[in-house]
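Every number in this text was worked out from the coordinates using simple rules, so none of it is lab data. Model, not experiment: these values are computed from the prediction. Glycine gets a Cβ as well: all are built from the backbone with ideal geometry, and neighbour counts include every protein chain shown.
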Amino acid sequence: MAKQISDHDLTAIEQAVGSYPEGASAQQILQALPPPIPLRTLQYRLKHLVTHNRLVKQGEGRWARYLLPSSASKSEAAGAISQEGDESVIPLSSAGIAIRDYVRQPPEARRPVGYDRGFLDAYRPNSIFYLSEDERAHLAAVGRPQIAEQPAGTYAKQILSRLLIDLAWNSSRLEGNTYSLLDTKRLIELGEEAEGRAHLEAQMILNHKDAIEFLVSAADEIGFNRYTILNLHALLANNLLADVTAAGRLRYIAVGIERSAFHPLEVPQLIEESFDQILATAAAISDPFEQAFFIMVQFPYLQPFDDVNKRVSRLAANIPLIKGNLSPLSFADVPRQAYTEAVLGVYELNKIDLLKDVFIWAYERSAARYAAVRQSLGEPDPFRLRYRAQLREIIADLIRSRVGRKETAARIAAWPNEAIEPDDRKRFNEVVEAELTSLHEGNFARYQIRPSEFSAWREVWEAA
């Protein structure tokens, strides 16, 4: 006979949940209860309250939230309005609509399927395309900034502060993260966690920040290779996996997809073979938009890692865009349900049309967003851009050597560097002197100088 739960204990849980109008996680409820109880006991009581309609559960697993019925009704009403709006936000093709309608059926009504290696084998880079010629041309037209030829990653570096927040927030939001855009901005810029949120949500966003910075800072070195993708996964999965050794390592355990009829591949050797095949295929694709979309299709379908696969695919899709100085893809305004249904269409039907609808719409939104951002930044000085490495090197050397004002001109003139064209030497010297004059405590870090080194140089510089 099941043990009777006292109404006093159940009421205490309801009161704890009531202090979180937007929903409380099990961990938050535990912390709000006066006498602590075991997590398993709480889970049993929560299940009882949900079964008897005294609480409403939203989400599954680590993202589950519990609400009072009154709060849930308001949330559902707002969700209904939002979902109604989502219907008309992304224009869907007839094939996309058919996929959406299929995956909206209950999982038990959909045909169980496993991983089909033939879906990957059938793709031939630069011969078979997921995106049509017109679609690729359209994306190039909206995503290519009107700028001169520049080193890989230049465009992403110009808009990095905005990209960090946009992409970290939107990619995390698509995973069910409840941080707001403002919360995300404060976390990334100030390191302040939002009150009432689980630590893992902050960890997820900070992991995105680290991963994005990795892609942008190493734009010359990244690509569709093991170094990039394994390290990208390690950064995104940091401190989020039960098995800490699984970060940056291919999967050798079975995984399931919640509310899906799809059963991912389970044989470690085949996972590794397919992973390497995906990388080799992606690297061989010449069009950057086709590369990006190919990765968004094939990475989640394989599920090469224990977890965090979709996050890897979303950031990896930005690799060819960053390297090609194209507008990045931040997934701004993409409805979570639309994205989830699109991925399910790939899992269960091997059909890409719905995901393609989402991808093209999302890229158009992102390109328009960053075109506006870049307009406000102005054009970079092409001379400084050309000699950025030499400028960084000589300025750092002058600071570390504590060179004063009087010695500066002579030291710059004597500085050997064959990479500087003779006709550019005079302008180069002027730029170095201007940079040194404009340095202050808020901008010297770009030269990779320690605070102690800057302070010591500043004393000599101001004393001269």
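Between L39, H52, A12, the Cα set farthest toward the positive side of the dipole of the range 7-71 (charges on each charged residue's Cβ, about the Cα centre) is that of L39.
Here the chain is assigned +1 on the Cβ of each Lys and Arg and -1 on the Cβ of each Asp and Glu. Its dipole about the Cα centre then comes out at about 580 debye. Between the amide H of H263 and those of V113, G114, Y115, distances stay under 5 Å, these residues lying 5 or more places away or on another chain, with hydrogens modeled in the peptide plane.
Put a plus charge on the Cβ of each Lys and Arg, a minus charge on the Cβ of each Asp and Glu, and nothing anywhere else: the dipole of the range 382-463 about its Cα centre is then about 100 debye. Protection proxy ranking of 136-145, 31-40, 301-310, by the mean of other Cβ atoms within 10 Å over each peptide's residues and highest first, is 301-310, 136-145, 31-40.
Candidates (1) 20; (2) 32; (3) 27; which is the computed percent of Cα pairs over 43 Å apart? Derived directly from the coordinates: (3). For K310, the aspartates and glutamates whose Cα falls under 14 Å of its own Cα, not counting residues fewer than eight places away in the same chain, are E175, E258, E341.
In order along the range 205-210, the phi-based Karplus estimate (6.51 cos²θ - 1.76 cosθ + 1.60, θ = phi - 60°) of 3J(HN,Hα) comes to 5, 5, 5, 4, 4, 4 Hz; Gly and Pro are listed as x. Among R124, R446, sorting on how many other beta-carbon atoms sit within 10 Å of each Cβ, with the fewest leading, yields R124, R446.
Kirkwood radius and radius of gyration were both taken over the C-alpha atoms of the range 7-71, and their ratio Rg/Rh is 0.90. Projecting the Cα atoms of I394, S455, I412 onto the dipole axis of the range 382-463, where Lys and Arg carry +1 and Asp and Glu carry -1 at the beta carbon, places S455 farthest toward the positive end.
Our note on the geometry: Cα centres of the range 1-37 and the range 124-188, 42 Å apart.
Remark: the range 429-435, residue by residue, has Karplus-estimated 3J(HN,Hα) of 4, 5, 5, 4, 4, 5, 5 Hz, where x stands for each Gly or Pro and the curve is 6.51 cos²θ - 1.76 cosθ + 1.60 at θ = phi - 60°.
Here's the picture: charge each Lys and Arg Cβ at +1 and each Asp and Glu Cβ at -1 in the chain, and of P300, S313, I205 the one pushed furthest to the positive end of that dipole is I205. Here the range 7-71 is treated with +1 on each Lys and Arg Cβ and -1 on each Asp and Glu Cβ, and its dipole about the Cα centre works out to around 200 debye.
Backbone phi angles across the range 16-33, fed through the Karplus curve with coefficients 6.51, -1.76 and 1.60 (θ = phi - 60°), yield HN-Hα couplings of 5, 5, x, 7, 10, x, 8, x, 10, 7, 4, 5, 5, 5, 4, 5, 7, 6 Hz in residue order; Gly and Pro are listed as x.
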